[in-house]
1. Is there a residue in the stretch 404-422 that is surrounded by 20 or more Cβ atoms within 10 Å (Cβ to Cβ) and touching a helix residue (DSSP H, G or I) at 6+ places or on another chain (Cβ under 6 Å)?
2. Hey, could you check the stretch 353-366 for residues that are in contact (Cβ under 8 Å) with a residue 60 or more places away in the chain, assigned to a helix (DSSP H, G or I) and of a type outside the set (S, T, N, Q) and say which is farthest from GLY416 (Cα to Cα)?
3. Going by the conditions given, is GLY218 on the phi > 0 side of the Ramachandran plot and either free of Cβ contacts under 8 Å to residues at least 40 places away in the same chain or within 26 Å of the chain's Cα centre (by Cα) (or both)?
4. So if I check each of ILE88, ILE108, which one is buried (at least 19 other Cβ atoms within 10 Å of the Cβ), within 22 Å of the chain's Cα centre (by Cα) and assigned to a helix (DSSP H, G or I)?
5. Please note which strands (runs of 3 or more DSSP E) are completely contained in the stretch 425-512 and include at least 2 residues that are over 20 Å from the mean Cα position of the chain (by Cα) and buried (at least 18 other Cβ atoms within 10 Å of the Cβ).
6. Hand me the list of helices (runs of 4 or more DSSP H) wholly inside the stretch 539-613 holding 2 or more residues that are of a type in the set (Gly, Ala, Ser) and surrounded by 15 or more Cβ atoms within 10 Å (Cβ to Cβ).
7. Would you mention how many residues in the stretch 58-76 are among the polar types (S, T, N, Q) and touching a Leu at 6+ places or on another chain (Cβ under 8 Å)?
8. Could you identify the single residue in LEU205, LEU180 that is in contact (Cβ under 8 Å) with a residue 40 or more places away in the chain, surrounded by 20 or more Cβ atoms within 10 Å (Cβ to Cβ) and closer than 22 Å to LEU163 by Cα?
Amino acid sequence: MAAASVLLLLLISLSFFLSTAAQPQSETQSLLKLKQSLTNSDKILSSWIPNVSPCSGTWVGVICFNNIITGLNLAGLSLSGTIDVNAIAEIRGLRTLNFINNSFSGPIPQFNKLGTIKSLLLQQNQFTGPIPQDFFAQLTSLKKVWFSGNKFSGNIPVSLTGLDLLKELHLEGNQFSGQLPDLKQDIKSFDVSNNQLEGPIPESLAKFGPVSFAGNAGLCGKPLEKQCDGSSSSSSSSSSSSSSTSPSFLDSVTDAPTETGPDMASKVMVILLLAIAAAILFLFLKSRQRRRDNDFSVVSRDSSVDDVMQVHVPISRSASSASERVGRRNVGESAKRGTGGGNRNGIGDLVMVNDERGTFGLQDLMKASAEVLGNGGLGSAYKAAMSSGLSVVVKRMREMNKIGKDVFDAEMRQFGRIRHPNILTPLAYHYRREEKLFVTEYMPKGSLLYVLHGDRGTSHADLTWPIRLKIAKGIARGLSFLYTEFSTYDLPHGNLKSSNVLLTNEYEPLLGDYAFQPLINPSIAVQSMFAYKTPDYIQNQKLSQKADVYCLGIIILELITGKFPSQYHSNGKGGTDVVQWVLTAISERREAELIDPELKDNASNSISNMLQLLLIGAACTESNPEQRVHMKEAIRRIEEVQL
């Protein structure tokens, strides 16, 4: 009898696993359909292939939790075409959709079919036209809506007022017109600047600073100084808010609709099977815990249970067992030896190259809660918050196979010895032939790119002229150090752009992603490093240290104008061609028009100094490298600029 019961349980468990095994395969086909709807995807999404699970860790931009696809992070991949929303809708566990910095155009796709989506990030594309007023009516789980930097027009959809869970709304840099809807939710981050809005600002939005509403000549009322004429009040939508709450964790996994009759009976049976299978799996909990070594658990900023995702860090079985052995030893001893749990395959624990923030091992990272920061040209990045209180950024570098382990170790240790107030010194690395983990300290304020363009409702208002000049001088001093430390390199930095300039809480800039060119496969370096996007390489297929000068010039122009440079896009679409814009204005003696209005408003007596820095940026971005200033001269000129 006992044997029969065990057999019955095993059969039930087997049926459960067979029923769930089919789901990933259908979602694989859904992703492949999405890939087919995108242009240039065969090359960009070459890792999306049949017969390989999207949750294997090899599919670019696919985020999973417990083998369930929960997010698509396809930012900055130069994608275009017609997004197959029907294919995306077939991915039942999807919660985050990120198409930032691509080349999509035309009307907004029917993302309103994705009823359980929580984050919809579309900024810096070329979407046009009005958004239907009821577009958000069915998207009651939405928390983050980022549509900035497109060409949307018409009224802001009133259905936004029904999103009870909404926390972040960014619509800046579009062509929206009409009045602002009365958004009474507990919104934390908000920006509608640089549109064509008019009328009074609703009282519910007056808590945000003037920067959030700048560039809308027709807006009036607090927090703007412009008073509204008459007694007109803000438009208040009476659209009923949905009473639905955020899905439970079980809902986020099964995502099943309400059913009746025979379908309901089937659902009850499935739930019973789940319960029985869970009881069996509980017996193997300890063995499953050991296998967790291959994963980061990723929790979003708002830490809601149903936003939990999983980031795969591929560690082979031998690596896992090696790291377990290291975990039993003293981590400090492991760090001191610098070999971790290394074995003959060159796989081991983290190697500490800088212990000023303490020592930790691979196990500490595996146990840390982590958050996806994004996919850059050189790899994916995650924030990991360890139990010690230290937060770090872990970058997965998949294209650093140019040199062997010993040489790579020597390079990393040279990086680890760097001590300069404007250089981000790495803390540790993990070596595998297939990929490397590169660990640095996490900077809460984020990158200069983010502060300038990503969150204009908060941090951008703090970027006064003294702060921007401090950042420019700090970058110059960091480059001066790199050009001494890596003077023999063709590109002492090689990937200088505002996203690789991190800011401390005191707005001191820290340069990251420097001196990587000798470590990266040449074909990937051409695709990923910003120095290869300069005229030096595009026109002549040659590079010199003058490419770093050009990249420095872009950052200076970005700081002074406040514009997002189109040069950061691989296809040149989106943003502002700051080089051509500045060149034209200088030739027509209209330089003063280039200065960010926020700078002119807050430091009008320093405009001549701003123009001095602007001209340095123009000299650095001269298209002919022979006529471009040298790095040493550019640094000297920047240091001479006064407040």
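1. For the stretch 404-422, residues surrounded by 20 or more Cβ atoms within 10 Å (Cβ to Cβ) and touching a helix residue (DSSP H, G or I) at 6+ places or on another chain (Cβ under 6 Å): present.
2. My answer is MET366.
3. Judged against the criteria, GLY218 is not a match.
4. Answer to the check: ILE88.
5. Fully inside the stretch 425-512 and qualifying: 428-431.
6. The helices (runs of 4 or more DSSP H) meeting that bar are 546-561.
7. As a first pass, look at the stretch 58-76 and keep what is among the polar types (S, T, N, Q): 58, 66-67, 70, 73.
Keeping just the survivors that are touching a Leu at 6+ places or on another chain (Cβ under 8 Å) gives 70.
Number of matching residues: 1.
8. That would be LEU180, the only listed residue that is in contact (Cβ under 8 Å) with a residue 40 or more places away in the chain, surrounded by 20 or more Cβ atoms within 10 Å (Cβ to Cβ) and closer than 22 Å to LEU163 by Cα.
The values are calculated or read from the model by the stated rules, or taken from the named source; none is laboratory data. What you see is a predicted model; the values in this text were computed from it and never measured. Here Cβ is always computed from backbone atoms with ideal geometry, including for glycine, and neighbour counts include all displayed protein chains.
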